[in-house]
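J.: Starting off with a structure, shown below.
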Amino acid sequence: MLFLQCQQQPRVPSPPASAPPFRPRVAAAPLSVRVTGGRRGRQAVVAMASADARLAGIASSIRVIPDFPKPGIMFQDITTLLLDPKAFRDTIDLFVERYKDQGITVVAGVEARGFIFGPPIALAIGAKFVPLRKPKKLPGEVISEEYSLEYGTDKIEMHVGAVQANDRALVVDDLIATGGTLCAAVKLLERVGAKVVECACVIELPELKGRDKLGDRPVFVLVEADA
Ligand SMILES: O=P(O)(O)OC[C@H]1O[C@H](OP(=O)(O)OP(=O)(O)O)[C@H](O)[C@@H]1O
Ligand SMILES: Nc1ncnc2[nH]cnc12
């Protein structure tokens, strides 16, 4: 048997005790919930009003990094939310509470950050999880959709056969900015005949009007932030 040995790297020093604690910067915009649609939407707003304490914790756990990955982009960094087990759990719980009785059969997560939030939701509501991946990552036969981003262009792919025409889908990602990514994801699912029940994101950048690209497909978000 062959053993590969990792080269030992120097230890990263811990910050001195006097250094300020590592605290995520809070998104400047107030937290909010916005839901499109009629009756369900109103129910959700009522449900969310009582969930305010959880939403505040989620919003304040997200760090904002200016000028990443390009000058002018205020990057919403959800890795700090993942460092906070309560905020992470509350995020998943809020989605599960909303989707558990909607007959969703597939949760489609968009690479990369939709792979963090999608699988726990899928497991909790008893749906299958389907990864929508960046090009040339999936080994089987795929269908693909190109889209443009706030900072470039990209493509996502889905395995043929993973989703069926009678599936009811929830699309999950961490953030909606211009809406290009979610729109491409929805198109992949609709091309195979699935019904996209809703798109769910932790964060929305409303100034970028991503919802407009999605037409009348509902988008549900937990937190709004400045672009
Ligand atoms: O609404 P849009 O303008 O399409 O932007 C939103 C997308 O951008 C980010 O992913 P990114 O493309 O940076 O990929 P990554 O998650 O692999 O870093 C984010 O996670 C969304 O998927
Ligand atoms: N401002 C932003 N922060 C994090 N992810 C993004 N994807 C597109 N815009 C983004």
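The values are calculated or read from the model by the stated rules, or taken from the named source; none is laboratory data. What you see is a predicted model; the values in this text were computed from it and never measured. Neighbour counts are summed over all protein chains in view; Cβ atoms, including those assigned to glycine, are modelled from backbone coordinates with ideal geometry. Note: areas computed on protein heavy atoms with side chains; ligands, DNA, RNA excluded. Shrake-Rupley method; radii C 1.70, N 1.55, O 1.52, S 1.80 Å.
J.: Could the peptides 206-214, 167-175 be put in order, highest first, of the mean number of other beta-carbon atoms found within 10 Å of their residues?
T.: Ranked by mean Cβ neighbours within 10 Å, highest first: 167-175, 206-214.
J.: Within 10 Å, count the other beta carbons around each residue, average over each peptide in 91-102, 194-205, 113-124, 66-77, and list them highest first. Could you put the intermediate results ahead of the total?
T.: Details: 91-102: 17.9, 194-205: 23.1, 113-124: 20.6, 66-77: 12.8.
In descending order of packing, they fall as 194-205, 113-124, 91-102, 66-77.
J.: Let me ask something else. Considering only protein heavy atoms and a 1.4 Å probe, what is the carbon-and-sulfur percentage of the accessible area of segment 104-224?
T.: Details: 2380 of 4790 Å².
Reported share for carbon and sulfur atoms: 50 percent.
J.: Hey, another quick one. Output wanted: per-residue J couplings in Hz (rounded whole) for segment 68-76, from phi through Karplus 6.51 cos²θ - 1.76 cosθ + 1.60, θ = phi - 60°, x for Gly and Pro.
T.: Karplus values, whole Hz, x for Gly and Pro: 10, x, 9, x, x, 8, 8, 7, 8.
J.: Here's something else I'd like to know. Per residue of segment 55-64, what does 6.51 cos²θ - 1.76 cosθ + 1.60 with θ = phi - 60° give for ³J(HN,Hα)? Whole Hz please, x for Gly and Pro, Karplus curve as stated.
T.: My calculation for segment 55-64 gives 5, 4, x, 5, 4, 7, 8, 8, 8, 10 Hz in order.
J.: Taking only protein heavy atoms into account and a 1.4 Å probe, give the accessible area per residue of segment 81-175 in Å².
T.: On the way: 4410 Å² over 95 residues.
I get 46 Å² per residue for segment 81-175.
J.: From the phi angles alone, apply the Karplus equation (6.51, -1.76, 1.60; θ = phi - 60°) to segment 198-212 and give each ³J(HN,Hα) in whole Hz, x where the residue is Gly or Pro.
T.: 6, 10, 10, 9, 6, 10, 10, 9, x, 4, 8, 6, x, 4, 4
J.: Can you tell me how much longer the chain between Arg191 and Glu146 gets when fully stretched, taken as 0.36 nm per residue apart minus their C-alpha distance, in nm with one decimal?
T.: Using 0.36 nm per residue and subtracting the Cα-Cα distance, I get 14.8 nm.
J.: While we're looking at this one, here's another question. Amide H to amide H under 5 Å from Ala200: which residues, 5+ apart in sequence or cross-chain, H placed 1.01 Å off N in plane?
T.: Amide H neighbours of Ala200: Val171, Val172, Asp173, Phe220.
J.: While we're looking at this one, here's another question. Over the alpha-carbon set of segment 104-224, divide Rg by the Kirkwood Rh and report the Rg/Rh ratio to two decimals.
T.: Rounded to two decimals, Rg over Rh is 0.93.
J.: Additional query: Quick check: residue separation of Asp77 and Ile92 times 0.36 nm, minus the Cα distance between them. What number comes out in nm? Don't jump to the answer; show the numbers that get you there.
T.: Values: separation 15, 0.36 × 15 = 5.40 nm, distance 1.69 nm.
Length gained, Asp77 through Ile92: 3.7 nm.
J.: Relative to the present Cα-Cα distance, how much length would full extension add between Leu123 and Lys70 at 0.36 nm per residue of separation?
T.: Extra length available between Leu123 and Lys70 comes to 15.5 nm.
J.: Place a point 7 Å from the Cα of Asp226 along the Cα-to-Cβ direction; which residues of segment 75-108 have their backbone N under 20 Å from it?
T.: 75-78
J.: Lysines within cross-link reach of Lys195: Cα-Cα under 18 Å, excluding same-chain residues under 8 positions apart?
T.: Lys100, Lys128, Lys187, Lys213
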